[in-house]
Amino acid sequence: MNSLVKTFTAAALIAVSTFTMAAERPGSKSAKANVNLSTADFALDHYVAVTTEGESAGVEQLFAEGFSQKIQASNAQSYSRTAVIKSLKKQKGEQLNCAVSTEILEESADYMVAKVTMKFENFSKTDLVTLEREGNSWKVSKSINSYN
């Protein structure tokens, strides 16, 4: 009798977990999923994935509240955190056709400056990214872009 109860309990648990997994369709998870930003390297890698590979998970989590982006061109432009996040969300799933390289220019316990170079067919984009530790995670606080 005891083994019969265990068998029915196991069958019920399997059925419930199967229905639960079936209810979670692929892609049904929110774009606000937590991303591991516990190190500057993880945050930098995620920044590159967001800006070049169309990654959308954890976009809000990645950028500091005071984030700003400047684009150095003939007419310099500045963008707020909200504008950049909105733009990146629109690019969800779009992968840029470029070769990406990163170089750490300066690093300390709570601060990092990195150079992200994206080489396209006819031009390249250089992005100087400043990351800062906020509590237990790292966030992008500033981005300065130039094209050549």
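Read-outs throughout are calculated quantities, based only on the coordinates presented, and are distinct from any laboratory measurement. What you see is a predicted model, and the numbers here were worked out from it, not measured in a lab. All Cβ positions, glycine included, derive from the backbone under ideal geometry; neighbour counts span all protein chains shown.
Listed by first and then second residue, the pairs with beta-carbon distance under 6 Å, at least 6 apart or on different chains, first residue in the stretch 39-59 and aromatic (Phe, Trp, Tyr), second surrounded by fewer than 20 Cβ atoms within 10 Å (Cβ to Cβ), are PHE42/ASN36. Residues in the stretch 60-82 that are of a type in the set (Val, Ile, Thr) and in contact (Cβ under 8 Å) with a residue 40 or more places away in the chain: ILE71 only. Every condition in (1) buried (at least 16 other Cβ atoms within 10 Å of the Cβ); (2) among the polar types (S, T, N, Q); (3) assigned to a strand (DSSP E or B) is met by SER146 except one, and the failing one is (1). Among the residues of the stretch 84-93, the one identified as free of Cβ contacts under 8 Å to residues at least 12 places away in the same chain and of a type in the set (Gly, Ala, Ser) is SER87. Cβ separations smaller than 9 Å between residues 6+ apart or across chains give the following pairs from the stretch 120-143 residues that are more than 18 Å from GLY66 (Cβ to Cβ) to residues that are assigned to a strand (DSSP E or B) and of a type in the set (Phe, Trp, Tyr): PHE123/TYR147; SER124/TYR147; LYS125/TYR147; THR126/TYR147. Of all residues in the stretch 49-71, those being closer than 18 Å to LYS142 by Cβ and surrounded by fewer than 19 Cβ atoms within 10 Å (Cβ to Cβ) number 8.
Among residues of the stretch 101-116 that are under 16 Å from TYR147 (Cα atoms), those with a Cβ under 7 angstrom from a residue that is loosely packed, with under 11 Cβ neighbours inside 10 Å, sequence gap 6+ or separate chain, pair up as LYS115/GLU103.
Residue check: is SER74 exposed (fewer than 13 other Cβ atoms within 10 Å of the Cβ), assigned to a loop (DSSP other than H, G, I, E, B) and among the small types (Gly, Ala, Ser)? Criteria met by SER74.
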